[in-house]
Amino acid sequence: MRITNMMLTNNLLRNMYTNLRGLERASDRLASQKEVRRPSDDPVRVVTSLALRNNLGKVGQYQKNISDAQSWLEITEGALGNAIDVLQRARELAVNGSTDTVPQESRLALAQEVRQLKEQLIQIANTTHGSRYIFGGTRTSEPPYDGGWKGNDGKIEFLISPEVTIQINLPGGDLFGDENSGAIGTLEKLADLLEDDTKSGTDISPVIGELDQVLDKFIAKRGEIGAKTNRMERSLDRLSGTEISVAELLSKAEDADIAKAIIDLKAQENAYRVTLAAGARIVMPTLIDFLR
């Protein structure tokens, strides 16, 4: 087989471009500090990397859900605390009003304060988180108490880990009620009794027991909210640990070994220079070189 100059030139160009591509990949690996930049670099690593990035994205979404849930629960717990304060003050007024030695004028003053407490309780029932009403069930765009209870018992749930959801809202219909039931109805009843000059302390005393029952419900719900808040904190700690572990695995899958990348770059650079040097000897630049 006759070896022509054209064959030598083509082989030289092919080897030179091959070494140049190797030099480019080695340089890119060192500059980016990433082992893979495109699927063709290492399909197995790319699949692993994509799976880890997907897991990392899910962890980030769970963390965001928990953060939003914590904010909602904190506002709910604060509102329940304010409602408990209101009801405890109403109970004190009921105790004062149930004494037969209290004149009617004083009972009327107590009734006025009770009605103010009722209005305050209505404001608490209409507490918002941002633009959403927290006690209205899934009816969060309008006040749950508007001349009567308008909310529902719908649940708002957040996904906090794979296949694990938690209810973050507390429908307040049973707690706050309306003019005839719940905490609002009890305060309305107390105010009416205090204003009625035909009622005695004996008539008012049963309301104290009703207020105690209402208070117990609010305290129990506040305890449930506190337990959920603690659960959110523990879940967030676990997710933080998971995030670190996944990030380490992702680093192992994607990041380049810097020392190895430097050595590879020098090897590719030397190979390219050798190819250029060989080409300079094979491809004669002038006719004089042939005549020599």
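Here's the picture: charge each Lys and Arg Cβ at +1 and each Asp and Glu Cβ at -1 in region 52-251, and of L193, F158, S106 the one pushed furthest to the positive end of that dipole is F158. Tell me, how many Å apart are the Cα centres for region 190-247 and for region 102-164? Between the Cα centre of region 190-247 and that of region 102-164, the gap is 13 Å.
Are there GluC sites (Glu not before Pro) in region 162-221 that DSSP puts in a loop and that have at most 10 other Cβ atoms within 10 Å, and which ones? Taking region 162-221 and a limit of 10 other Cβ atoms within 10 Å, the loop GluC sites (Glu not before Pro) found are E163. As a rough footprinting exposure proxy, the listed residues V59, V47, V114, V95 were ranked by other beta carbons within 10 Å of their own, and the order from fewest upward is V47, V95, V59, V114.
Coordinate-derived values only; no laboratory data. Predicted model only: the values in this text are computed from it and were never measured. Virtual Cβ from ideal backbone geometry, glycine too; neighbours counted across all protein chains shown.
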